[in-house]
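*Asks:* Attaching a single structure in structure tokens format; questions to follow.
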Amino acid sequence: MRLFSLSTAEQGASMALFQGRELICESFWTGAKSHSKRLMAMVEQMVKDRAGLDISDIDGFIAARGPGSFTGLRIGISVIKGLAAAVSKPCAGVSSLDGIAWRFYPASAPVCVMMDAKRQEVYTALYRFERGRLVEKSQERVCPPDEAIDAAGEAALFAGSGSKAYAELIKERAGSSAWISPMHMDAVSAAAMAGPALGNPGFFTAEENCLVPVYLRKSDAEIHFSQKSVS
């Protein structure tokens with residue numbers, strides 16, 4: 001089974017192509033251009049030029065469903081839904097936080113993913129893995145960083161853009177026993193997102209994997225509109 005996975009949850013775009021359980025292509029790009037201006041060219045380059053395949057050769061499509069950039073998520077989800085519909089293949093959504101956490105599945109310590117949500121908040125969830133298997137995941141939420149850090153406790157591994165934005169706060173509240181991931185491991189990984197789908201024939205039909213955006217909080221436009229309505 002060939003799977004194509006895509007994340008546009010943050011400024012960088014990540015995509016990966018699998019043949020069965022084997023990762024055959026992976027790409028990450030970040031820069032000043034918006035996702036809408038570069039994404040289709042990246043997809044074509046990976047699928048056609050690098051893998052020598054046609055979009056119709058892909059058996060399933062996966063997109064980061066959030067949390068993350070409102071505009072970025074809408075673009076990525078629209079692209080994946082459009083590609084899947086064009087070739088009559090299934091598509092599914094995976095949490096952006098999972099796309100960071102699964103990079104650390106061999107970890108014995110709790111993994112606290114913190115994506116910088118701006119406005120002094122983070123998108124976060126706490127994961128526990130045992131022998132490479134996910135055994136527990138907390139509810140995804142948006143909250144002040146100190147709440148996420150305190151919930152993780154001591155000796156946790158902190159990862160994601162929020163772990164760099166609030167690195168000093170992590171050291172202050174969690175102490176020297178806490179681990180902070182290296183910066184190159186902070187981005188949402190399309191390859192890691194595909195992990196739950198590999199070898200799982202029921203992945204695309206499971207209700208929890210439905211491809212709908214998950215924002216966790218209102219957009220700035222909605223907040224401004226609400227404030228104008230009240231005033």
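The values are calculated or read from the model by the stated rules, or taken from the named source; none is laboratory data. Since the structure is predicted, the reported quantities are computational estimates derived from the model, not experimental observations. So basically every Cβ, Gly included, is an ideal-geometry build from the backbone, and we count neighbours across all protein chains shown. Just the protein is used for accessible areas: all its heavy atoms, side chains included, with ligands, DNA and RNA removed. Shrake-Rupley method; radii C 1.70, N 1.55, O 1.52, S 1.80 Å.
*Asks:* Go through M185, M193 for me and flag whichever is touching a strand residue (DSSP E or B) at 6+ places or on another chain (Cβ under 8 Å) and open to solvent by 30 Å² or more (accessible area, probe 1.4 Å).
*Replies:* Working: M193 fails: open to solvent by 30 Å² or more (accessible area, probe 1.4 Å).
Just one listed residue meets the conditions, M185.
*Asks:* While we're looking at this one, here's another question. Checking the structure you have, find out if any residue of the range 105-126 is open to solvent by 30 Å² or more (accessible area, probe 1.4 Å) and in a helix (DSSP H, G or I).
*Replies:* No, the conditions are met nowhere in the range 105-126.
*Asks:* Could you give me the residue pairs with C-beta distances under 6 Å whose first residue belongs to the range 179-195 and is closer than 17 Å to R65 by Cβ and modelled with pLDDT of 95 or more, whose second residue is part of a strand (DSSP E or B) and open to solvent by 30 Å² or more (accessible area, probe 1.4 Å) wherever it lies, and which are 6+ apart or on separate chains?
*Replies:* Pairs that qualify, where the first residue is closer than 17 Å to R65 by Cβ and modelled with pLDDT of 95 or more and the partner is part of a strand (DSSP E or B) and open to solvent by 30 Å² or more (accessible area, probe 1.4 Å), are A191/L23; A191/E26.
*Asks:* Just one of F28, F70 is under 22 Å from R217 (Cα atoms) and either open to solvent by 20 Å² or more (accessible area, probe 1.4 Å) or of a type in the set (D, E) (or both); which is it?
*Replies:* Residue meeting the stated conditions: F70.
*Asks:* I'd like the residue in the range 150-172 that is in a helix (DSSP H, G or I) and farther than 20 Å from S138 by Cα and, out of all such residues, is least open to solvent (accessible area, probe 1.4 Å). Step through it out loud before you land on a result.
*Replies:* Here is the first cut: in the range 150-172, the residues in a helix (DSSP H, G or I) are 150-152, 161-165, 167-172.
Cutting the leftovers down to farther than 20 Å from S138 by Cα gives us 164-165, 167-169, 171-172.
Details: K164: 59, A165: 56, A167: 21, E168: 128, L169: 44, K171: 114, E172: 137 Å².
Per the stated criteria, the residue is A167.
*Asks:* Of the residues I77, I62, which single one is touching a residue at least 60 places away in the same chain (Cβ under 8 Å), β-branched (V, I, T) and within 16 Å of I100 (Cα to Cα)? Give the steps one after another, and end with the answer.
*Replies:* Values: I77 fails: within 16 Å of I100 (Cα to Cα).
Of I77, I62, the one residue that is touching a residue at least 60 places away in the same chain (Cβ under 8 Å), β-branched (V, I, T) and within 16 Å of I100 (Cα to Cα) is I62.
*Asks:* Do we find a residue being open to solvent by less than 70 Å² (accessible area, probe 1.4 Å), out of contact with any His (no Cβ under 8 Å at 6 or more places or on another chain) and of a type in the set (K, R) anywhere in the range 37-57? Don't jump to the end; show me each part of the working.
*Replies:* At the first step, the residues of the range 37-57 found to be open to solvent by less than 70 Å² (accessible area, probe 1.4 Å) are 38-39, 41-43, 46-47, 51-57.
Subset that is out of contact with any His (no Cβ under 8 Å at 6 or more places or on another chain): 38-39, 41-43, 46-47, 51-57.
Those left that are additionally of a type in the set (K, R): 38.
Yes.
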